[in-house]
Protein chains: 2
Amino acid sequence: MSSSELLLSRRDLAFLLHDWLDVTRLTERPRYAEHSRETFDAVLDLAARVAAERFAPHNRAADTSEPTVDSGRVRTIPQVKAALDAFADTGLFAATLDESVGGMQLPHAVAAAAFAWFQAANVGTSAYPFLTLGNANLLLAHGSPEQVDTWVRPMVEGRFFGTMCLSEPQAGSSLADLTTRAEPQDDGTYRITGTKMWISAGDHELAENIVHLVLARIPGGPPGVQGLSLFVVPKVLLDDDGALGPRNDVVLVGLNHKLGYRGATNTLLNFGEGVHRPYGRAGAVGYLVGQPHRGLALMFHMMNEARIGIGAGATALGYTGYLKSVAYARQRPQGRPVTDKDPTTPQVPIVAHPDVRRMLLAQKSYVEGALALVLYCGRLLDEEKTAPAEADRERAHLLLELLTPIAKSWPSQWCLAANDLAIQVHGGYGYTRDYDVEQHWRDNRLNAIHEGTHGIQALDLLGRKVTMRDGAALELLLEAMRATVDRAWKADGFAADLAGRLGTAVDRIAVVTRRLWATGDPELALANASVYLEAVGHVVIAWLWLEQVLAVDASKSPADEFSAGKRAAARYFYRWELPKVGPQFDLLESLDRTTLDMRESWF
Amino acid sequence: MSSSELLLSRRDLAFLLHDWLDVTRLTERPRYAEHSRETFDAVLDLAARVAAERFAPHNRAADTSEPTVDSGRVRTIPQVKAALDAFADTGLFAATLDESVGGMQLPHAVAAAAFAWFQAANVGTSAYPFLTLGNANLLLAHGSPEQVDTWVRPMVEGRFFGTMCLSEPQAGSSLADLTTRAEPQDDGTYRITGTKMWISAGDHELAENIVHLVLARIPGGPPGVQGLSLFVVPKVLLDDDGALGPRNDVVLVGLNHKLGYRGATNTLLNFGEGVHRPYGRAGAVGYLVGQPHRGLALMFHMMNEARIGIGAGATALGYTGYLKSVAYARQRPQGRPVTDKDPTTPQVPIVAHPDVRRMLLAQKSYVEGALALVLYCGRLLDEEKTAPAEADRERAHLLLELLTPIAKSWPSQWCLAANDLAIQVHGGYGYTRDYDVEQHWRDNRLNAIHEGTHGIQALDLLGRKVTMRDGAALELLLEAMRATVDRAWKADGFAADLAGRLGTAVDRIAVVTRRLWATGDPELALANASVYLEAVGHVVIAWLWLEQVLAVDASKSPADEFSAGKRAAARYFYRWELPKVGPQFDLLESLDRTTLDMRESWF
């Protein structure tokens, strides 16, 4: 077995991208006309190979020997730089970007699948290109032509890396409370002063330069999020000809020492502390992106894709843990069937025990369900950007808005649960650092926190996305799910049985959502938003499992073992997982006030 | 706030031990006649102080600087030895043991509460006395008077430490497959050869000697677990006068490097490798405990108490994480109520957000519910050993047999979930090693694995405990729960409401258990044993929450904030948690075959 086979399943990706999402049809559109199934497959094969050969081997070393600071300079084990150079050679820094800047113009669904190989192999090292891609993407959409030339091109080439600088020590979830200042200068630039916390890839020597995208306030603007503007603040300023010039006044205060994701630096940065004095004056030089006071909207352009990318990373960690625990369960002998009381018979591999199969089936249903969700979101992004009809683009946009908090949160929760089960399948060995699964579990724990916590995603879903445009986005989702139910009714008994269960759950989403907002009391409606997020997430995954069942039924090999595995995982999800939403919807429908009524002094 | 206030709640312990379990009544019995409420409280106060002053301060250091091996000798940071010396000074190595060997004869419920302070403060360092206490307890019950004199007395004094050596590299859950051999010698001793894996506290220089309790086979015995015998195998042999003599042939092969619990060594040991040749011959000298081929039954004497102790440790880790996240939530300002759209108002502490209160209430309901369970089991142990009437001792024995897998598994699952929520409450800070909660989460992950995995506990509950003596143990549990329901019916509206919900769940246990065993097919009945374990566990905790509500109602201060907190947590558990058992019982009742029918080749 090549090591890439323990990262993701090439067969599952082919199934999802081709048999289900039919990404090759996208090549009929002008943007993707240069592509074909062959180019898509070649990209996936390349990603699998480079991930296995260059990213996976140092995953443990990057965790054990995390970056350190030596005289203000960050030291990283050399394998990280070598891996990122190999990544740059694949051209994938340019995956989805426009040809005009040297991009590959890959569909997002394909690019997400390609990148997932790297996330599965080494989520820490993958953080550098992850942030760089998001940064480049934002600047390409919203930067001036000059900014694109100056900053995006070197990022596409893998020479500069990017960051996003939102949080401050006193303000993470509450962006309204950011205090970093941006003073306008006569030459049109700004001088930035403030402290940014939790900045991933915030300092290192893995690239020639670091392009920070920083949220800050121009004095005189409105308070709260309406007064935030977005700036490019490079670590090293450039000369007029684009060559590296003086150090900008961006200072590494310290590295955060984390539970996981240790291979990627996570930093506390001071802007404008006066340590460096570019052009003879204190303050970090920043360049405004877009209009003043529109920073948050622009940043959300990056953050929405980043959130789906976080979900993809969580999925990839869950997926590799699943594959490793299947491999372990097949080769580890232990015990006998409960009906065999003869201790002289040989031990059986643990996959023979139903409880181990439970733990493997649960993982399979979580990770393959999550992968379907993040690739579906990638496909929606492609629709949003390239569907010929305006109405289709709008539909994709709305669905994507609604699904983004789910695509971020559901994999972060359930693929972490998958990693927990992967440890359990390994028994005592899984608790040691000799096996990969404990690190996947630690790494994955971050995903429910960064880029907006679970609770923030819940408020986003129920407080913003469900209500936007009079509920139009939710209506589209319910329609899409009901259309699947209708198709499945006409299929064989198995799919029809699932359809009945899904239909009931879909109806409950509609009823419960109306009931919550009929209160006219946002505090009450939103009090249990996390439960709503989790319940709707489970129904969405159930929907995508039914979609997968219909796709295997319609595939060229509906009777093979891959198809049987898909049906078994769907059955598992519908019998073991979907029923969990019943009590959740009951709780929401009861407008439960337990958390609202709890007083601080009672803890 | 003293640091012990972030470990456990002294008030909650007083409530559970006195207001609820009325442990002072035990002093009416001869065994506990020397004790009083004052001596119990003094022990708890002493434990809280020593745990906070000597165990908690090096919890992080012991994790960061885990033990290493240098020329075959284990090096441990000096704080561990200092803490264990302080522990020995408390006298708690002798907590529950007989006065005849220098023991304190504390009730188990009180001793468990006292020891929980150390587990909360530093579960790694606590592993040494944990294993020593279990070992001494077993030998006191089953060893010869000479063995008690030789091995138990030095353990009571904290001079020797103990271990339990069951697992081997090829056999962990499957004890039937142990292969370590014990060859009888002419002098009545045995020579032991074999390899033991996952031996906690298996080597160190923290005590003068290490007393291993080893399961091994005497040649000619029956295969499987029926052929296992138990031996004392000391690291260092003793001269006839009890002084340390030659090294026994027990060799440290290596330390396991774990995800958590890092302060305690976990070892691979070779017995009889020939490195040491005591009395001129290879083979580790062992002394038979009890009868040949009765080893497993004896070891279970230790293991049953150890399993409840594991549950107590899981609870303690959950409890301290809960208290730390409450403290954090009270002082961390972030954001505003959802109804306050004015960004110029001050930020509120995060405990003001309902979603944060949800995470705190969930933790409270888990950790206080788990603590009630493990102390209840301690109380049952006291009944089993000292109840004046034979029938009461038998009742306690049966209930304890049934509750042991639940007391081991439920806290391991749900107090880990509590630690996960504690991280989430801390946000990004919780993901760093600057805060304690990430370590608690890592440490706690072991508890579902060691001393019998979750799946093993599930088979024990449904396959053995539920069916023992024609279901007598389960019948006793159902009776006990129904008695609480009856008492609560007569109480106020709140308790009566909970009683109705609990009564329904209790009835379902009875129906579902009958249905599973009515199949006459053990493979089918046991296929989903883990779900059964989890569902019954949730009902048991719900029962103990109702017990707590009745106890606060009957207490001297039913209207204070502590009582209000208990009622709120009970309400949370009944509205948010107990309903989860509905789909679990449905699944069990349907005799679901999903995991049974899954084929290995479909993964």
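See the values below:
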quantity: Qualifying positions in segment A:245-283 - closer than 30 Å to A:ALA61 by Cα and of a type in the set (Lys, Arg); calculated: A:LYS258, A:ARG262
quantity: Single residue of B:LEU477, B:LEU446 found to be part of a helix (DSSP H, G or I) and touching a Leu at 6+ places or on another chain (Cβ under 6 Å); calculated: B:LEU477
quantity: Selected residue [of a type outside the set (S, T, N, Q) and closer than 21 Å to A:PRO346 by Cα] from B:LEU230, B:LEU237, B:LEU166, B:LEU213; calculated: B:LEU166
quantity: Number of the condition not met by A:ALA297 [criteria: (1) buried (at least 17 other Cβ atoms within 10 Å of the Cβ); (2) within 30 Å of A:VAL123 (Cα to Cα)]; calculated: (1)
quantity: Which listed residue, of B:THR163, B:THR180, is away from chain A (no Cβ under 13 Å), surrounded by 21 or more Cβ atoms within 10 Å (Cβ to Cβ), farther than 30 Å from B:ALA82 by Cα and not aromatic (Phe, Trp, Tyr); calculated: B:THR180
quantity: All positions within segment B:66-92 that are crowded, with 16+ Cβ neighbours inside 10 Å, of a type outside the set (Lys, Arg) and within 23 Å of B:LEU269 (Cβ to Cβ); calculated: B:GLU66, B:PRO67, B:VAL74, B:THR76, B:ILE77, B:VAL80, B:LEU84
quantity: Matching option when the condition is under 29 Å from B:GLU438 (Cα atoms), of a type in the set (Gly, Ala, Ser), surrounded by fewer than 21 Cβ atoms within 10 Å (Cβ to Cβ) and touching a strand residue (DSSP E or B) at 6+ places or on another chain (Cβ under 6 Å), among B:GLY202, B:GLY254; calculated: B:GLY254
quantity: Qualifying residue in segment A:433-444 (condition: aliphatic (A, V, I, L, M), farther than 27 Å from B:THR432 by Cα and touching a residue at least 12 places away in the same chain (Cβ under 8 Å)); calculated: no
quantity: Hits in segment A:1-47 (condition: polar (S, T, N, Q) and either buried (at least 19 other Cβ atoms within 10 Å of the Cβ) or touching a residue at least 12 places away in the same chain (Cβ under 8 Å) (or both)); calculated: A:SER2, A:SER3, A:SER4, A:SER9, A:THR24, A:SER36
quantity: Conditions (1) of a type in the set (S, T, N, Q); (2) over 17 Å from A:ASN419 (Cα atoms); (3) out of contact with any His (no Cβ under 6 Å at 6 or more places or on another chain); number of the one not met by A:THR320; calculated: (2)
quantity: Selection count, segment B:421-435, where residues are more than 8 Å from chain A (Cβ to nearest Cβ) and either in a helix (DSSP H, G or I) or crowded, with 23+ Cβ neighbours inside 10 Å (or both); calculated: 5
quantity: Residue match in segment B:492-505 (condition: touching an Asp or Glu at 6+ places or on another chain (Cβ under 8 Å) and β-branched (Val, Ile, Thr)); calculated: no
quantity: Some residue of segment A:55-68 being within 28 Å of A:GLU547 (Cα to Cα) and either charged (D, E, K, R) or part of a helix (DSSP H, G or I) (or both); calculated: no
quantity: Unmet criterion (only one of (1) in contact with a Lys or Arg (Cβ under 9 Å, 6 or more places away or on another chain); (2) more than 30 Å from B:HIS204 (Cβ to Cβ); (3) polar (S, T, N, Q)) for B:THR68; calculated: (2)
quantity: Residue count for segment A:582-603, restricted to those that are of a type outside the set (Phe, Trp, Tyr), buried (at least 20 other Cβ atoms within 10 Å of the Cβ) and at the interface with chain B (Cβ under 9 Å from one of its Cβ atoms); calculated: 5
quantity: Which numbered condition B:SER557 misses (of (1) more than 21 Å from B:ALA407 (Cα to Cα); (2) in contact (Cβ under 8 Å) with a residue 40 or more places away in the chain; (3) more than 9 Å from every other protein chain (Cβ to nearest Cβ)); calculated: (2)
quantity: Exclusive hit being crowded, with 16+ Cβ neighbours inside 10 Å and either within 26 Å of A:THR150 (Cβ to Cβ) or of a type in the set (Ser, Thr, Tyr) (or both), set A:ALA95, A:ALA56; calculated: A:ALA95
quantity: Test: residue in segment B:191-199 that is in contact with a helix residue (DSSP H, G or I) (Cβ under 6 Å, 6 or more places away or on another chain), modelled with pLDDT of 95 or more and crowded, with 23+ Cβ neighbours inside 10 Å; calculated: yes
quantity: Residue within segment A:105-117 that is modelled with pLDDT of 95 or more and more than 23 Å from A:TYR32 (Cβ to Cβ) present; calculated: no
quantity: Of all residues in segment B:256-267 being in contact with a Leu (Cβ under 8 Å, 6 or more places away or on another chain) and within 11 Å of another protein chain (Cβ to nearest Cβ), the one that is nearest to B:MET164 (Cα to Cα); calculated: B:ASN266
quantity: Any chance A:LYS364 is within 11 Å of another protein chain (Cβ to nearest Cβ) and under 30 Å from A:PHE115 (Cβ atoms); calculated: yes
quantity: Residue within segment B:512-526 that is surrounded by fewer than 20 Cβ atoms within 10 Å (Cβ to Cβ), within 27 Å of B:VAL466 (Cβ to Cβ) and among the polar types (S, T, N, Q) present; calculated: yes
quantity: Given (1) crowded, with 24+ Cβ neighbours inside 10 Å; (2) more than 14 Å from chain B (Cβ to nearest Cβ); (3) part of a helix (DSSP H, G or I), index of the condition A:LEU230 fails; calculated: (3)
quantity: Long-range neighbours under 7 Å by Cβ, at least six apart or interchain, first residue under 16 Å from A:THR179 (Cα atoms) and facing chain A (nearest Cβ under 7 Å) within segment B:328-357, second assigned to a loop (DSSP other than H, G, I, E, B) and basic (Lys, Arg); calculated: B:GLN347/B:ARG336
quantity: Test: residue in segment A:174-196 that is within 19 Å of A:LEU131 (Cβ to Cβ) and without any contact (Cβ under 8 Å) to a residue 40 or more places away in the chain; calculated: no
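Here's the yes/no breakdown for (1) surrounded by fewer than 24 Cβ atoms within 10 Å (Cβ to Cβ); (2) under 30 Å from B:PRO405 (Cα atoms):
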site: B:ARG262; (1), (2): yes, yes
site: B:PHE271; (1), (2): no, no
site: B:ARG307; (1), (2): no, yes
site: B:THR315; (1), (2): no, yes
site: B:THR320; (1), (2): no, yes
site: B:LYS324; (1), (2): yes, yes
site: B:LYS364; (1), (2): no, yes
site: B:VAL367; (1), (2): no, yes
site: B:VAL374; (1), (2): no, yes
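Residue-wise test of (1) under 27 Å from A:VAL338 (Cβ atoms); (2) without any contact (Cβ under 8 Å) to a residue 60 or more places away in the chain; (3) more than 12 Å from every other protein chain (Cβ to nearest Cβ); (4) not charged (D, E, K, R).
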site	(1), (2), (3), (4)
B:THR519	yes, no, yes, yes
B:GLN548	no, no, yes, yes
B:TYR572	no, no, no, yes
B:LYS580	yes, yes, no, no
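The rows are residues; the columns are (1) polar (S, T, N, Q); (2) over 29 Å from the mean Cα position of the chain (by Cα).
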site	(1), (2)
B:ASP470	no, no
B:VAL485	no, no
B:PHE494	no, yes
B:ARG515	no, yes
B:PRO522	no, no
B:ALA525	no, no
B:ASN528	yes, no
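The values are calculated or read from the model by the stated rules, or taken from the named source; none is laboratory data. Quick caveat: nothing in here was measured; it's all calculated off a predicted structure. Ideal geometry is used to build each Cβ from the backbone, glycine not excepted, and the neighbour counts take in all protein chains shown.
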